[in-house]
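All remarks here apply to the structure that follows.
The values are calculated or read from the model by the stated rules, or taken from the named source; none is laboratory data. This one's a predicted model, so the numbers in the text were calculated from it and none came from an experiment. Here the Cβ positions follow ideal geometry from the backbone for every residue, glycine too, while neighbour counts run over all protein chains shown. Remember, those area values only see protein heavy atoms, side chains included, never the ligands or the DNA or RNA. Shrake-Rupley method; radii C 1.70, N 1.55, O 1.52, S 1.80 Å.
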Amino acid sequence: MKYTLEDQVVLITGGSQGLGKEFAKKYYNEAENTKIIVVSRSEAKLLDTCNEIRLEAHLRKETIDEGQVQHKLAAPLDPEQRLFYYPCDLSCYESVECLFDVLRDLDLLPTQTLCCAGGSVPKLFRGLSGNELSQGMDINYKTTLNVAHQVALAEQTREHHLIIFSSVTALYPFVGYSQYAPAKAAMKSLVAILRQELTNFRISCVYPGNFESEGFTLEQVTKPEITKLIEGPSDAIPCKQACDIIAKSLAGGHDDVFTDFVGWMIMGMDLGLTVKKSRFVALQWVFGVLSNILVVPFYMFGCSWYIRKWFRENDGKKAN
Ligand SMILES: NC(=O)C1=CN([C@@H]2O[C@H](COP(=O)(O)OP(=O)(O)OC[C@H]3O[C@@H](n4cnc5c(N)ncnc54)[C@H](OP(=O)(O)O)[C@@H]3O)[C@@H](O)[C@H]2O)C=CC1
Ligand SMILES: CCCCCCCCCCCCCCCC(=O)[C@@H](N)CO
């Protein structure tokens with residue numbers, strides 16, 4: 001199944017900001033007939049986002065078409081429009097059912113689904129509240145699980161492209177990400193199973209390294225220094241760059257997608273009983289096998305030693 005921006009109905013979860021919004025912009029600007037539905041919890045944010053995308057496109061067109069194009073304000077699921085929004089807490093299964101009922105009624109069942117909703121609160125384990133812990137699973141895993149299940153039920157026979165946004169931390173879990181990495185690892189596991197079961201689906205899984213977004217700015221505030229140190233090699237790239245890299249990789253037929261070289265290396269080191277479809281996969285496998293023998297044990301030894309030293313020096317204080 002070819003990845004193309006044109007002639008689709010695309011459902012983007014977490015479409016109100018960050019990478020989801022970047023994808024919404026991309027579809028809106030680079031495809032003519034594609035219908036886009038952005039979903040997130042906050043209606044105010046969604047409305048702002050839709051207006052911003054339309055206004056930007058309008059202003060751009062105005063300079064080309066000398067003001068011939070009319071700018072319309074966003075309305076929730078207005079069938080005249082190409083860009084729709086729907087406020088919904090996707091971690092609640094019943095709400096996702098309602099969303100799909102609405103989409104079915106409006107003949108807007110998606111042909112592509114981008115599960116971008118997610119987010120992390122990086123802190124040391126003892127510093128997290130019970131609410132933050134359950135939010136980690138709800139925002140990252142349950143939003144994706146619920147949407148994937150409803151799409152699977154809605155699209156029993158038609159082809160569908162499901163694109164799930166995990167993280168490099170699913171492949172390399174480390175200090176500071178206890179609230180987040182396990183949920184992203186669960187998404188990787190779900191992807192492997194759905195690829196075997198949903199035979200009419202193309203299922204892609206994106207493992208981004210750091211990129212700039214509203215969520216990223218926020219997580220930097222609570223992120224422990226030791227976490228920043230370990231993830232140092234994955235410098236945050238601009239959101240648009242991440243979006244373009246992912247779209248290009250999907251168009252190239254790859255289904256395990258990374259956004260930087262560190263991501264490619266870590267994906268290679270993650271061997272096991274899953275099929276991998278990533279860029280330069282043969283080279284990645286050879287690199288992975290060799291580095292698991294020659295580098296990983298020493299890196300992990302050094303890393304554990306450094307983390308223990310860091311905890312000793314910070315003497316169990318709230319070390320963030
Ligand atoms: N930025 C980074 O460095 C990296 C990000 N990722 C992953 O990529 C994806 C996009 O990241 P980024 O752009 O930074 O994300 P942001 O944190 O900037 O945006 C997250 C989006 O998810 C929505 N959302 C959160 N919870 C729910 C919910 N329960 N129901 C519906 N929508 C929800 C938010 O809207 P609202 O609050 O209105 O619900 C928002 O639109 C995420 O899954 C993230 O984990 C992976 C690796 C690196
Ligand atoms: C031989 C071994 C070499 C290993 C090199 C180690 C480099 C580690 C890079 C980890 C990058 C993690 C990005 C997390 C992004 C993310 O998901 C958060 N921004 C949350 O949103």
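What are the pairs with Cβ atoms under 7 angstrom where one residue, in segment 154-174, is in a helix (DSSP H, G or I) and the other, located anywhere, is more than 16 Å from ligand 2 (Cβ to nearest atom) and of a type in the set (A, V, I, L, M, F, W, C)? Sequence gap at least six, or different chains.
Pairs that qualify, where the first residue is in a helix (DSSP H, G or I) and the partner is more than 16 Å from ligand 2 (Cβ to nearest atom) and of a type in the set (A, V, I, L, M, F, W, C), are Ala154/Phe100; Ala154/Leu109.
Considering only residues that are touching an Asp or Glu at 6+ places or on another chain (Cβ under 8 Å) and β-branched (Val, Ile, Thr), which ones fall in segment 207-244?
The answer is Ile237, and nothing else.
Residues of segment 232-246 being within 13 Å of ligand 1 (Cβ to nearest atom) and either more than 22 Å from Lys25 (Cα to Cα) or hydrophobic (A, V, I, L, M, F, W, C) (or both), which ones?
Just the residues of segment 232-246 that are within 13 Å of ligand 1 (Cβ to nearest atom), to begin with: 234-243, 245-246.
Within segment 232-246, Ser234, Asp235, Ala236, Ile237, Cys239, Ala242, Cys243, Ile245, Ile246 meet the criteria.
Of the conditions (1) assigned to a loop (DSSP other than H, G, I, E, B); (2) within 20 Å of Pro122 (Cα to Cα); (3) among the β-branched types (Val, Ile, Thr), Thr227 fails just one. Which one is it?
It fails just one condition, (1).
Of the residues that make up segment 237-258, is at least one open to solvent by less than 40 Å² (accessible area, probe 1.4 Å), acidic (Asp, Glu) and in contact with a helix residue (DSSP H, G or I) (Cβ under 7 Å, 6 or more places away or on another chain)?
For segment 237-258, residues open to solvent by less than 40 Å² (accessible area, probe 1.4 Å), acidic (Asp, Glu) and in contact with a helix residue (DSSP H, G or I) (Cβ under 7 Å, 6 or more places away or on another chain): present.
Got a number for residues in segment 214-235 being more than 8 Å from ligand 2 (Cβ to nearest atom) and either within 22 Å of Met187 (Cβ to Cβ) or open to solvent by 30 Å² or more (accessible area, probe 1.4 Å) (or both)? Steps first, answer last, please.
Start the filter on segment 214-235 by keeping residues that are more than 8 Å from ligand 2 (Cβ to nearest atom), which leaves 214, 217-218, 220-229, 235.
If we keep only those that are either within 22 Å of Met187 (Cβ to Cβ) or open to solvent by 30 Å² or more (accessible area, probe 1.4 Å) (or both) too, we end up with 214, 217-218, 220-223, 225, 227-229, 235.
Qualifying residue count for the region: 12.
For Gln135, only one of the following conditions fails: (1) crowded, with 16+ Cβ neighbours inside 10 Å; (2) over 13 Å from the mean Cα position of the chain (by Cα); (3) without any contact (Cβ under 8 Å) to a residue 40 or more places away in the chain. What is its number?
(3) is the only condition that Gln135 fails.
Mind counting the residues in segment 193-213 that are outside any loop (DSSP other than H, G, I, E, B) and either within 16 Å of ligand 2 (Cβ to nearest atom) or β-branched (Val, Ile, Thr) (or both)? Steps first, answer last, please.
So in segment 193-213, the residues outside any loop (DSSP other than H, G, I, E, B) come out as 193-197, 201-207, 211.
Filter again for either within 16 Å of ligand 2 (Cβ to nearest atom) or β-branched (Val, Ile, Thr) (or both), leaving 193, 203, 205-207, 211.
The total comes to 6.
Looking at segment 176-189, which of the residues that are of a type outside the set (D, E, K, R) and buried (at least 22 other Cβ atoms within 10 Å of the Cβ) is farthest from Ala251 (Cα to Cα)?
Restricting attention to segment 176-189, the residues satisfying the condition of being of a type outside the set (D, E, K, R) are 176-183, 185-187, 189.
This time we only want the ones that are buried (at least 22 other Cβ atoms within 10 Å of the Cβ), so: 176-177, 179-181, 183, 187.
Working: Gly176: 34, Tyr177: 31, Gln179: 32, Tyr180: 29, Ala181: 27, Ala183: 27, Met187: 22 Å.
Here the residue is Gly176.
Go through segment 244-284 residue by residue and tally those that are more than 16 Å from Val191 (Cα to Cα) and either of a type in the set (Lys, Arg) or within 15 Å of ligand 2 (Cβ to nearest atom) (or both). Let's see the steps before the verdict.
Keep residues of segment 244-284 that are more than 16 Å from Val191 (Cα to Cα), which gives 244-249, 251-253, 259-266, 268-269, 279-284.
Then keep just the ones that are either of a type in the set (Lys, Arg) or within 15 Å of ligand 2 (Cβ to nearest atom) (or both); that gives 245-246, 248, 259-266, 268-269, 279, 284.
Selection size over segment 244-284: 15.
Restricting to segment 275-305, what's the tally of residues that are in contact (Cβ under 8 Å) with a residue 60 or more places away in the chain and open to solvent by 60 Å² or more (accessible area, probe 1.4 Å)?
To start, the set of residues in segment 275-305 that are in contact (Cβ under 8 Å) with a residue 60 or more places away in the chain comprises 275, 303.
Within this subset, residues satisfying the condition of being open to solvent by 60 Å² or more (accessible area, probe 1.4 Å) are 275.
Looking only at that region, the number is 1.
Check Trp310 against each of (1) within 24 Å of the chain's Cα centre (by Cα); (2) away from ligand 1 (no atom under 16 Å from the Cβ); (3) in contact (Cβ under 8 Å) with a residue 24 or more places away in the chain and name the one condition it does not meet.
Of everything listed in (1) within 24 Å of the chain's Cα centre (by Cα); (2) away from ligand 1 (no atom under 16 Å from the Cβ); (3) in contact (Cβ under 8 Å) with a residue 24 or more places away in the chain, Trp310 misses just condition (1).
Could you identify the single residue in Asp7, Asp48 that is part of a loop (DSSP other than H, G, I, E, B), of a type outside the set (A, V, I, L, M) and over 14 Å from Ile163 (Cβ atoms)? First the steps, then the outcome.
Values: Asp48 fails: part of a loop (DSSP other than H, G, I, E, B).
The match here is Asp7.
How many of the residues making up segment 247-271 are more than 12 Å from ligand 1 (Cβ to nearest atom) and part of a loop (DSSP other than H, G, I, E, B)?
Qualifying residue count for the region: 6.
What pairs come out if I take residues in segment 189-202 that are touching a residue at least 60 places away in the same chain (Cβ under 8 Å) and pair them with residues that are open to solvent by 30 Å² or more (accessible area, probe 1.4 Å) and small (Gly, Ala, Ser) whose C-beta lies under 9 Å away, six or more apart or interchain?
Final answer for the pair search is none.
Check segment 114-126 and report whether any residue there is in contact (Cβ under 8 Å) with a residue 60 or more places away in the chain, closer than 18 Å to Tyr3 by Cα and in a loop (DSSP other than H, G, I, E, B).
The answer is yes; a qualifying residue exists.
Identify the residue in segment 30-45 that is of a type in the set (S, T, N, Q) and modelled with pLDDT of 95 or more and, among all such residues, is surrounded by the most Cβ atoms within 10 Å (Cβ to Cβ). Write out each step before concluding.
Restricting attention to segment 30-45, the residues satisfying the condition of being of a type in the set (S, T, N, Q) are 33-34, 40, 42.
After this cut, where a residue has to be modelled with pLDDT of 95 or more as well, the list is 34, 40, 42.
Numbers: Thr34: 20, Ser40: 25, Ser42: 12.
Among those that are of a type in the set (S, T, N, Q) and modelled with pLDDT of 95 or more, it is Ser40.
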